[in-house]
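Read-outs throughout are calculated quantities, based only on the coordinates presented, and are distinct from any laboratory measurement. Because the structure is predicted, anything quoted here is derived from the model rather than measured. Positions of Cβ are backbone-derived with ideal geometry, glycine not excepted, and every protein chain shown enters the neighbour counts.
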Amino acid sequence: MPAMHLNYTPDGQVTERLMGFYVERARGGVALIIIGGCIIDEYSGARNMINLDHDKFIPSLKKLTDTLHAYDVHIAGQLYHAGAYAHSFLIGRQAIAPSAVPSKFTKEIPREMTRDDIRYTIESYAKAARRVKEAGFDAVEILSCSGYIINQFLSPITNHRRDEYSGNLENRMRFGLEVAEAVRDAVGNDFTVLIRLSGHDFVPGSSTNKEICAFAAELENHGIDAFNITGGWHETKVPQLTMEVPRAAFSYLAQRIKQATSKPVIASNRIHNPVIADRLIRQGSIDLVGFARELIADPELPNKTKEGRLDEIVPCIGCNQGCLDHVFELKPIECTVNPRVSHEFEVPPSIKASQPKKIMVIGGGPAGLVAAVTAACAGHKVTLYEKTQELGGQLKIAGGLEDRREFETLRTSLIMRTQKAGVKIHLSTTVTRQLVEKERPEIIIMATGGKPLKPAIPGVDGRNVVQAWDALADRIDLGKEIVVIGGGAVGIEVATKIAKIGTLSAETLQFLFLTQAEDSITLHELSTKGIKKVTIIEMLPKIGMDIGLSTRWVTLQMLTRYGVNIRTESKAVEITTDGVIVEHQGKTDLIKCDQVVLAIGTQAENQLMQKLSADTAQIIVIGDAKSPRKAYEAIHEGFYSIYTLAHFGHLL
Ligand SMILES: Cc1cc2nc3c(=O)[nH]c(=O)nc-3n(C[C@H](O)[C@H](O)[C@H](O)COP(=O)(O)O)c2cc1C
């Protein structure tokens with residue numbers, strides 16, 4: 001399990017929240033947990049990370065390692081120094097870096113390090129490594145990826161110094177090698193030292209896999225025992241962590257580093273699946289795999305894999321809404337698909353109902369499925385009713401998109417878990433008051449979802465107007481020129497889907513590339529220029545404002561790639577047969593099109609509520625039926641409705 005800053009340590013000390021999180025992963029069968037990033041001095045990072053810059057932090061870390069060792073797990077501490085990537089508001093001072101090159105990540109200018117700063121920083125690494133050993137860890141990891149300080153020395157774009165730390169590759173490697181040596185000296189020869197490297201910076205003019213392979217070979221001569229390989233820098237324009245990144249996409253980088261060194265190599269990033277991990281190791285590409293977010297999603301993944309319970313694994317879908325987006329918002333991390341994350345110390349892993357009840361779940365979307373599986377596992381007698389032929393609700397619609405197929409992974413997994421938990425499922429069944437009276441449930445979970453909104457503008461009922469959900473689900477034939485009204489997540493998804501029509505499939509692209517049938521410029525054009533003209537109109541000054549920071553830039557990048565036009569601060573005032581009349585800064589104009597797609601939001605679908613009297617059963621409304629939001633809220637409400645019932649004996 002690679003290092004992840006969890007935001008559970010407001011004072012830098014181990015908390016019961018942090019302890020609860022790691023105990024569960026240790027119990028779940030993880031072989032090696034890397035804890036961190038841990039700051040090593042006042043320049044290295046925010047104080048709300050785990051602190052390793054003073055001996056006073058050793059006792060609480062020792063308590064953590066002693067507790068985890070009871071579960072037969074190995075534990076490493078990661079030494080973190082962000083250099084120019086440290087925000088001044090987080091460290092309370094100007095950041096330091098090899099050169100005063102403005103950081104594309106923080107948008108700030110760091111101070112160029114003096115020789116004393118360099119000496120001081122290397123000593124900070126050594127002292128922090130000594131503390132790792134004294135706190136009972138089994139290994140220490142030096143963080144040298146993602147664009148942090150060691151990368152900044154290594155890269156010609158951030159290192160413009162005029163001394164022996166700059167110039168040719170040998171000089172630019174010097175700082176990293178001196179850190180490695182100092183860490184090795186601090187912990188002695190009988191202690192494992194790992195280093196985490198970017199396999200390729202993916203930043204123009206910066207280090208590529210070739211330079212990193214050379215660096216790795218040198219590091220091996222400077223006391224490094226194993227290499228942990230990620231992808232690029234934080235500022236790269238190549239997505240690293242979002243759900244459209246193919247599984248194990250960056251393992252080729254680790255594979256090449258394995259060829260350049262004789263030490264064990266760990267691959268990470270979007271591997272997430274034990275079958276893929278097993279294949280990578282057995283075919284000899286790499287030696288170990290790192291699962292980060294997948295172990296947030298399912299701490300029991302290793303044990304489930306070992307026991308052949310693959311169908312019980314809760315998949316990470318790479319949405320980043322609970323983890324990375326929370327880090328950016330300076331909040332403790334949580335997880336869309338695992339509602340217990342951050343609450344492991346207070347919410348037990350298995351909920352048992354003190355009094356089993358007869359529960360009727362109405363609606364088979366994410367909220368209903370999670371409520372059903374949680375209730376059945378808690379010992380309740382559960383029946384789920386879904387009015388359509390298939391389970392999954394909006395997961396089904398989103399999962400049909402090429403770039404959103406992880407929602408389909410989640411849907412499949414939820415269905416398998418619901419069936420395995422013994423939930424009785426009725427498809428194509430609309431629940432009526434009569435059915436409720438016949439079944440006589442004690443509790444009704446109303447998870448009836450939402451339906452698309454229609455704006456009250458002239459022409460909205462015209463034949464040229466369709467809903468985004470219908471376009472996403474391929475239920476309609478599309479025109480040639482399309483206007484999408486609404487630039488939120490759904491509007492962007494539908495615009496991207498339509499703009500991609502007529503571009504090469506991944507398989508054809510690979511075939512044409514390998515056979516050299518077309519040159520690379522033509523291939524790029526064929527892969528990005530579709531046959532539809534698409535425009536998004538949005539009233540707000542920006543589009544995608546309902547998408548988290550970790551993902552928004554990737555979705556906007558796709559719109560640019562596929563040539564979608566964007567009109568912000570523009571209000572649709574009328575739809576005619578010629579197009580959409582738009583008001584922008586007090587003026588109106590017509591955007592010509594032959595089809596209009598509405599993506600302006602969702603409204604709750606819960607009319608059944610009014611038809612049921614309060615004494616029929618206890619009723620709880622969850623998910624979009626309560627108020628339209630994201631899968632995150634739907635899943636959390638599905639889980640906590642049942643937890644509350646088991647814990648308090650009734651619904652709150
Ligand atoms: C919330 C969060 C915090 C992270 N913090 C760190 C960190 O402090 N140090 C580090 O080396 N990587 C960090 N990472 C990157 C992960 O270790 C891992 O490389 C990344 O999540 C990709 O792997 P995955 O697809 O298995 O999640 C973080 C990732 C997340 C999601």
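Over the range 1-144, the alpha carbon radius of gyration divided by the compact-protein estimate 2.2 N^0.38 Å works out to 1.07.
The convex hull defined by the C-alpha atoms of the chain has an orientation-averaged projected area of 31.5 nm². Net length available on complete extension from E525 to E108 is 146.5 nm, with 0.36 nm assigned per residue and the Cα-Cα distance removed. As a length-normalised measure over Cα pairs under 8 Å and 6 or more apart, the relative contact order of the chain settles at 11 percent. Kirkwood radius and radius of gyration were both taken over the C-alpha atoms of the range 1-85, and their ratio Rg/Rh is 0.96.
One decimal place: the segment E390-A31 gains 125.4 nm when fully extended, by the rule 0.36 nm per residue minus the C-alpha distance. Do you know the relative contact order of the range 319-420, to the nearest whole percent, from alpha carbon pairs under 8 angstrom that are 6+ apart? Once normalised by length, the contact order is 19 percent.
Projected onto their three principal axes, the Cα atoms of the range 434-497 cover extents of 52, 26, 21 Å, largest first. Counting only DSSP beta bridges whose two residues both lie in the range 512-652, roughly 80 percent are antiparallel.
Give me the base-10 log of I(q)/I(0) for the range 511-575 at each q in 0.26 Å⁻¹, Debye formula, one uniform scatterer per Cα, rounded to two decimals. So the normalised log intensities work out to -1.12.
When both bridge partners sit in the chain, DSSP labels roughly 20% of those beta bridges antiparallel. The sum of -39500 (n - 2.57) across all DSSP H runs of n ≥ 4, divided by the residue count of the chain, sets its helix-only mean residue ellipticity at 222 nm to -10500 deg cm²/dmol. What Kirkwood radius, in Å to one decimal, follows from the Cα pairs of the range 116-158? Kirkwood radius, the range 116-158: 11.8 Å.
As a rough guide to protection, the peptides 373-386, 496-509 ranked by mean Cβ packing within 10 Å, highest first, stand as 373-386, 496-509.
Give me the distance between the Cα centres of the range 206-229 and the range 78-102, rounded to whole Å. What the calculation gives is 23 Å, centre to centre.
Summary of the geometry: the range 275-353 and the range 423-450, compared by the centres of their Cα atoms, lie 32 Å apart.
Within the range 100-114, find all residues whose amide N lies under 15 Å from a label point positioned 7 Å from the Cα of E42 along Cα-to-beta-carbon. It comes to no residues whatsoever.
Our summary of shape: the Cα atoms of the range 268-379 have principal axis extents of 52, 37, 28 Å, ordered from largest down, in whole angstrom. Working from Cα pairs under 8 Å separated by at least six residues, relative contact order for the range 11-63 is 42 percent. For D138, what charge total do you get from the other residues with a beta carbon under 12 Å from its beta carbon, if Lys and Arg give +1 and Asp and Glu give -1? Here the charged neighbours net out to -3.
Projected onto the charge dipole of the range 275-431 (+1 at Lys/Arg Cβ, -1 at Asp/Glu Cβ, origin at the Cα centre), which of G400, I362, C316 gives the Cα projection farthest towards the positive end? Of G400, I362, C316, it is I362.
Between T432 and V238, full extension at 0.36 nm per residue minus the direct alpha carbon distance yields a gain of 64.8 nm.
Cα centroids of the range 394-415 and the range 1-68: 34 Å apart. Please grab the % of Cα pairs in the range 54-131 that end up more than 21 Å from each other. Every Cα pair in the range 54-131 considered, those over 21 Å come to 45 percent. Greater than 22 Å separation of Cα atoms is the criterion. Which listed pairs, K133/K306; K127/K258; K352/K381; K358/K630, meet it? In this structure, K133/K306; K127/K258; K358/K630 lie more than 22 Å apart at Cα. With all pairs of different alpha carbon atoms counted, what Kirkwood hydrodynamic radius in Å does the range 536-607 show? Final number for the Kirkwood radius of the range 536-607 is 14.0 Å.
All alpha carbon pair distances within the range 365-481 were sorted into 5 Å bins beginning at 0; the resulting P(r) in whole percents reads 2, 10, 17, 19, 17, 13, 10, 7, 4, 2, 0. Highest average first, the peptides 84-94, 510-520 ordered by how many other beta carbon atoms sit within 10 Å of their residues are 84-94, 510-520. Summing Cβ point charges (Lys, Arg +1; Asp, Glu -1) relative to the Cα centre of the chain gives a dipole of roughly 1120 debye. Shape annotation for the range 228-318: C-alpha extents along the principal axes are 36, 31, 16 Å, from largest to smallest.
Rounded to the nearest 20 debye, the dipole size of the range 505-588 about its Cα centre is 200 debye, using +1 on the Cβ of Lys and Arg and -1 on the Cβ of Asp and Glu. Summed over all non-identical Cα pairs, the Kirkwood treatment of the range 579-628 gives a radius of 14.9 Å. Between the residues A473, F513, F191, the greatest Cα displacement towards the positive end of the dipole of the chain, with unit charges on the Cβ of Lys, Arg, Asp and Glu, is found for A473.
For the range 116-263, the dipole from Cβ point charges (+1 on Lys and Arg, -1 on Asp and Glu) about the Cα centre works out to 340 debye, to the nearest 20.
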